[in-house]
1. If each label sits 7 angstrom from Cα along the C-beta direction, how far apart, in nm, is D:Ser333 from its counterparts in the other copies?
2. Assigning unit charges at the beta carbon (Lys, Arg +1; Asp, Glu -1) and nothing else, what dipole magnitude in debye, to the nearest 20, does the protein assembly as shown show about its Cα centre?
3. With r defined as the distance between the Cβ atoms of B:Ala39 and C:Lys110 and R0 fixed at 41 Å, what FRET efficiency is calculated, to the nearest 0.05?
4. Once you sort the root eigenvalues of the Cα gyration tensor of region A:40-122 as a ≥ b ≥ c, which label holds: rounded (a/c under 1.5), prolate (a/b larger than b/c) or oblate (the other case)?
5. Given an 8 Å cut-off on Cα distances and at least 6 residues of separation, report the relative contact order of region A:2-182 as a percent.
6. Run the numbers on chain C and let me know its relative contact order in percent, using alpha-carbon pairs under 8 Å that are six or more apart.
7. With θ set to phi - 60° and the Karplus curve 6.51 cos²θ - 1.76 cosθ + 1.60, what are the ³J(HN,Hα) couplings of region B:117-131 in order, to the nearest whole Hz, using x for Gly and Pro?
8. Given all pairs of different Cα atoms, what value in angstroms does the Kirkwood hydrodynamic radius of region B:196-323 take?
Amino acid sequence: MREMTYSEAMAIGIQEALAEDESVVLIGAGFGGLRGDPAVWGPLRERFGDRITSPPIAELGYCGIAVGAALTGLRPIVAIGTGAFSFEAFPQIANEAPQAYYGTRGQVTCPVVFHMRAGIRGAGALQHSIAPQAMYWNTPGLEICVPGSPADVRGLIKAAVRSNNPTIFIDHERLHPLVGEVDESTGGDIPLGVADVKREGSDVTIVATSIMVPRALEAAETLAGQGIDAEVVDPRTLVPLDTEAILRSVARTGRVVVADETQKSCGVASEIAATIAEEGFESLRAPIKRVAIPNVPIPYHQAEEDYITPTARHIVEAAEAVCR
Amino acid sequence: MREMTYSEAMAIGIQEALAEDESVVLIGAGFGGLRGDPAVWGPLRERFGDRITSPPIAELGYCGIAVGAALTGLRPIVAIGTGAFSFEAFPQIANEAPQAYYGTRGQVTCPVVFHMRAGIRGAGALQHSIAPQAMYWNTPGLEICVPGSPADVRGLIKAAVRSNNPTIFIDHERLHPLVGEVDESTGGDIPLGVADVKREGSDVTIVATSIMVPRALEAAETLAGQGIDAEVVDPRTLVPLDTEAILRSVARTGRVVVADETQKSCGVASEIAATIAEEGFESLRAPIKRVAIPNVPIPYHQAEEDYITPTARHIVEAAEAVCR
Amino acid sequence: MATAGTVVHNLKSALHRMMLIRRVEEQVIDLATSFDDLIRGHYHVYIGQEATGVGACMALGPDDYMFTTHRNHGHVIARGGEPGPVIAEIIGRTTGYNKGRGGTFHVIAKHLGVLQTSAIVGGGVPMAAGAAFSARMRGTDQVSLVFFGDGVLEEGAFHEALNMSSLWNLPLIMMCENNSVPQEGRRQGEYPTSSFAATQLADVASAMNVEAHVVDGSDVRQVGELLAGLVGRAREGEGPFFIESRINRWPGNRGQFPQLIGGPHRMAWTWNPGTADTRLQDWLADSDPVSLLCRSLVEEGAMTRKEIEEVDAAARQEAEEAREFALSSPMPSPESAMDYIFAEGETR
Amino acid sequence: MATAGTVVHNLKSALHRMMLIRRVEEQVIDLATSFDDLIRGHYHVYIGQEATGVGACMALGPDDYMFTTHRNHGHVIARGGEPGPVIAEIIGRTTGYNKGRGGTFHVIAKHLGVLQTSAIVGGGVPMAAGAAFSARMRGTDQVSLVFFGDGVLEEGAFHEALNMSSLWNLPLIMMCENNSVPQEGRRQGEYPTSSFAATQLADVASAMNVEAHVVDGSDVRQVGELLAGLVGRAREGEGPFFIESRINRWPGNRGQFPQLIGGPHRMAWTWNPGTADTRLQDWLADSDPVSLLCRSLVEEGAMTRKEIEEVDAAARQEAEEAREFALSSPMPSPESAMDYIFAEGETR
Ligand SMILES: Cc1ncc(C[n+]2csc(CCOP(=O)(O)OP(=O)(O)O)c2C)c(N)n1
Ligand SMILES: Cc1ncc(C[n+]2csc(CCOP(=O)(O)OP(=O)(O)O)c2C)c(N)n1
Ligand SMILES: [Mg+2]
Ligand SMILES: [Mg+2]
């Protein structure tokens, strides 16, 4: 066990994926984010330089190249950078990659990983703070990973690469410095579709993804101080979704807050809330509260940006409301 | 009052919009769909030919041109064609147009209408059957119209054009032949954000949009035969959403089916269901059922295509289940 | 623009493939117009473009990749696809290459190196560049050939892929079938398409340092010779290449629903275009790649009219059998719509 | 490539604008590095490119449109923007041009015809073409000028807009600031950027029948004269035009966080580059548009060193006052984040 940052754990996971299978290639080198630490990302570049290609600023083109390469059996991980840049590549990500397997009834696979950093990063302003995972969840045929801890990012990047399906891999600039334990003595494998109960509790279920996982844990501490015992369930992957794990928790607590840093309407929290309202209704003892961005573009100034960012405080307030 | 098709009513609405304001221009001419009737669409082209521009196959470019033109005060209606083609233009639709007003704190408006035909049209297959309205609903700053009747399409296209916000206007190939009454003696104006109760009922609320409106009305007839009195609420616009009207109905019936022809996960039905589970929970006497596409790309053959298409039958089954 | 070397190829088998495409597409049009429920939407046929598909595919090896478009039926047959599974796919039968999942827009044939068929204008070129990129990364000498219409140059995706394939010297052959030029206009140096601003499509490729060629799309020999040279050079690392194949559109190919003007092709029209429907005569005389090849083979004494008519009769019969095969094949069951959404396990 | 006519312009006011941009950007770098919380992300400055922005904007009339990019601070000042509201916007104050909503990526100034500033590479050109399209539809003689970096040519959006502006003869001026070329490479005819395959950027425009020009981005006179000619011609319906302005990158402009190498610019460096930090000397001697203009004005006897230093001192003071203005301006309230999401009513 070693304490390391999310960023370092991701670098380790990517290196392990490269070492494990020589058909893994990287397109783009910006996995480390805006302030990628050379000490963490340098070794990867040195060791696997011949499998890293730096493309021009042509997201649609190079994502298409990655899709085409995946159809032939390569396993590209594409670093698209900020989530909004994936909009440029939307036709390839949402309307080519996910159709290959279904469209050929299983003859052709497209094992590509689209890696992007989503969400409110601090002064990303109107166009660089977008979290597109809900849009991709509305696209059938894509797997989606939203790891919220160092161990999860390391394990899931390898699972994403091994998967034969196109996978959206979402991290968050503000997760990069997050520190957690990673066990390098094992592969640290994590299957897609298995939720992790990050904290057990009996009064309220907080379903949280990506950056909202640490915020939910922080909220749970605060709530504990108020006598509310919160369970934090982290689905870790949206597709496949571990619905059972979520419903199991809700069956025990009867109360739910869904926390996600996407826009509220048709967001990640909406889907999880709708699923619970459909399949776990009998367990519910209170309204399902969503903690999300309040349907507003992301403003530049910190005061406004903070105001619309879903935080531990919002989770606490929502949990208090449903436990009242 | 005259009976006319949805297609004709749309043509009339667009002509009225053009006549009412000379800053309205059309980019693209494919509003009529694959089998656009020349008798309906010909007069429009003749009368307003000098305000119609046929662009190359360059959705990103011409939607950008429409956005730029709207910033200067024109009011373009852009015919993108099939909803999936809007993916090519995603960066302009989702990451330029909706930021203009917010980003300038109200100094600049971007009154553009993006018109597209969404959904399962019959043999559109994998790439031509996509309904993107949920993705746009996840994008703050866009208005969304999803008219489901001839009178609504005529009224809403004018409201969309008059609005100072960028608006997604969704129709459906299979709505085009739908016949309904339109009152040409008045302007037939319909404000954005006002739901229409298409059928009153007391046992179950069916919230339906776009192509699901006629299907919900058909389902309500079938249900009536079984002694279930269904209310059909058509929000008509997703943004703004008439949440009050939906909650009002749910408060009376206590049971809900949300029907929409988008993909189930993070779809339109998810958002409406999540809103009800959050704001109307106390009224609910049964789980909220969603009728949507079951998270699968659209297959070509009619047998499979029909299987995954949400229909009146699915609505009936869902209503029966919640009324049991 | 460079010139290609000469290559020996089998013109008789090319003729057969071209005729097969023609006869299959005629069946497709007939199926679409005779039945309400077989091809429910619009569709696209390859009649009039056969020389480009067949000439180009003759140059490919078995391991090479080929990408196509909404107008894919002919490309897949040119690449060696069998008419039965092609028609079966087009009408959605389980014996189709994708077991009826893709339909007319998405005939895909993995065993032929046709891995994904995008019906999105501009969808194929980046993916084809990706297959070429993959060959490069894996150190094989595979080549990736992509067919696309002139409309693709209007889409930004093309330019992005063009840039990267040039920067990285990918073994990519971009075969643009320009069916937008009326011959008169072409002679007068008008814009090559109605909605593209370049005077010559090839200029766009040349500006990006991609070697560009123009070829007469009605002449299968010209196409075949050019491609044989370029495919070889692409294998040697000299790619990418751009080719504009100039095609005079078949008069039945107007609008979104093709029309079999005057009925199925008659060989009598080939020998004597004046006997055909007046709307077809000029095209048969100057531009129909099948008729041009037939007449030249006879003129050269390489084949007799009778021999050629036998080839056609065989192709016609194959197409008819393919139609029967497809029509008598089972449809997918409704529930099978939920199969194959995600791949299980690992293929490695 | 065509040549532009000659135009009379006021070099002294150009010098002032250029120095103002330089001094404002120095303040921006200082604010970003001295405070943790003012400019929290990365940002981009215009130092070294002042001649392009100022030279081009001199040619515009008050009703013309201007579009810019992530590197917008200098363009907005070149267009006549006041340094106070520009810096205030960059640090998010309510006295900024967008009342602090947009920040460094999105300085927008409606009254200057700057209607939307996209920080997306390739975002601006289509919108600028749209403003030109609008001028055409409304029958005005407005021109739309768009600045963008060489990276934009790698994005498909550029090519789509280039095609349409050419097809429709839009009054659009595409000003590409190529800051990717090291001078040595340029001389040897190398690729103009590291990730673009054309030998000359202008070739891409020429291929699309758009008149293309190359200009020395360190020379405000050249830029100004060229643009005056082209803006006039665009008004007459002769557009669009493409210009590559070749810029030798300021050594402080490397990576995502600019560095004020050796501190703020000293006029002594202008007169004697050898006195500057060694990393700056070549740039000051050969490429700094401000230094080149200053020295030439002195050489020509148009201005004395002292007069120039007075202009600089004034600019420096304006920039300092702008900084103070910005720093002492109010921040938006948290709740104001929920304002102006949708426009009410109708503006017609
Ligand atoms: C992105 C996108 N936009 C629009 C369409 C609709 N569409 C299908 S085929 C076609 C014309 C294509 O022209 P071209 O590429 O020249 O091919 P051709 O049909 O002439 O062979 C269009 C516009 C599409 N399929 N994809
Ligand atoms: C679509 C998109 N992809 C990537 C980025 C990240 N990005 C910001 S600036 C930049 C470089 C742009 O280069 P250029 O256009 O030459 O402008 P310069 O910064 O050199 O002035 C990149 C890649 C972006 N903003 N938008
Ligand atoms: Mg064409
Ligand atoms: Mg640059």
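1. Listed shortest first, these distances are 6.5 nm.
2. Dipole about the Cα centre, nearest 20: 320 debye.
3. Efficiency for this residue pair is about 0.35.
4. oblate
5. Dividing the mean separation by the residue count of region A:2-182 yields 31 percent.
6. Once divided by the residue count of chain C, the mean separation gives 23 percent.
7. 9, 10, x, 7, 9, x, 6, x, 6, 4, 10, 10, 10, 7, 10
8. 14.3 Å
Read-outs throughout are calculated quantities, based only on the coordinates presented, and are distinct from any laboratory measurement. These figures come from a predicted structure and were not determined experimentally. FYI the Cβ positions are ideal-geometry reconstructions off the backbone, even for glycines, and counts take in every protein chain you see.
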